[in-house]
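Have a look at the structure below before the remarks.
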Amino acid sequence: MTRVLTVIAALAVLGAGWAAAQRPQTRQGFWMAVGVGYGSTDFTCDGCTIDRESGLTAAARVGWTLSQKLLLGGDITMWNKDIEKVNYWVGNASLVALYYPMEMGGLFLKGGAGLSALELSGGGEPANGESFGLTVGIGYDLRFAPNTSLTALFDFLFGGPRDLQYQGTTLLSGLGYNAATLSLGLTIH
């Protein structure tokens, strides 16, 4: 999977010059994006050690264009994996800003803050907890149609410490995470 994502990212970078000449990178009005990929997550908690794990990711963003260089919106990024018959799910829901350093370029920086959630389930009622979350990322829009881009995005998510609750009982205290994700998706401008 890592090789496939590396090849896709390399092709996106190589095709960027050609695509820029073919389709202008204009941004205006409402925009939305969806993507899927792969990532790794590291968990931390008070008095425990949990190894970094790799799993699938999914993301969705919607928002409004303030200028050719600045977009504001909402972003949901999720990571999921089954580990020893337990399903681990983490996600950040953030208000984000996307900044394009070059007005007609496809490269952008993303940053935002909001809510992070974590859930563990093994067939019965899930254990879960919420806390604050931060999201930062770097991406590239490769325009292939007048209003549509193929978007490669590297995100880093941080979920602050929280108590993991199951039926009102604390199972783990101070449980937090950080996740590094690489995704490929579509953006409609």
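Return the residue satisfying two criteria in turn: it lies in the stretch 126-145 and is among the hydrophobic types (A, V, I, L, M, F, W, C) and touching a helix residue (DSSP H, G or I) at 6+ places or on another chain (Cβ under 9 Å), and of such residues it is modelled with the lowest pLDDT.
PHE144
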*Inspect the stretch 29-50 for any residue being among the polar types (S, T, N, Q), at pLDDT below 95 and assigned to a loop (DSSP other than H, G, I, E, B) and give the result as yes or no.*
no
*What pairs come up if the first residue lies in the stretch 59-82 and is closer than 12 Å to PHE108 by Cβ and among the charged types (D, E, K, R), the second is surrounded by fewer than 16 Cβ atoms within 10 Å (Cβ to Cβ) and modelled with pLDDT under 95, and their beta carbons are under 8 Å apart, counting only those six or more places apart or on different chains?*
LYS69/GLU103
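Give the residues of the stretch 100-125 that are at pLDDT 95 or above and surrounded by 13 or more Cβ atoms within 10 Å (Cβ to Cβ), sorted by residue number.
Across the stretch 100-125, the qualifying residues are TYR100, LEU107, PHE108, LEU109, LYS110, GLY111, GLY112, ALA113, GLY114, LEU115, SER116, ALA117.
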*Taking PHE156 as meeting all but one of (1) modelled with pLDDT of 95 or more; (2) farther than 19 Å from GLY55 by Cα; (3) surrounded by fewer than 20 Cβ atoms within 10 Å (Cβ to Cβ), write down the number of the exception.*
(2)
*asked:* Between GLU130, GLU103, which is charged (D, E, K, R), out of contact with any strand residue (DSSP E or B) (no Cβ under 9 Å at 6 or more places or on another chain) and in contact (Cβ under 8 Å) with a residue 12 or more places away in the chain?
replied: GLU103
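The values are calculated or read from the model by the stated rules, or taken from the named source; none is laboratory data. Source: prediction; values computed, not measured. Note that we place each Cβ from the backbone using ideal geometry, even for glycine, and neighbour counts take in every protein chain shown.
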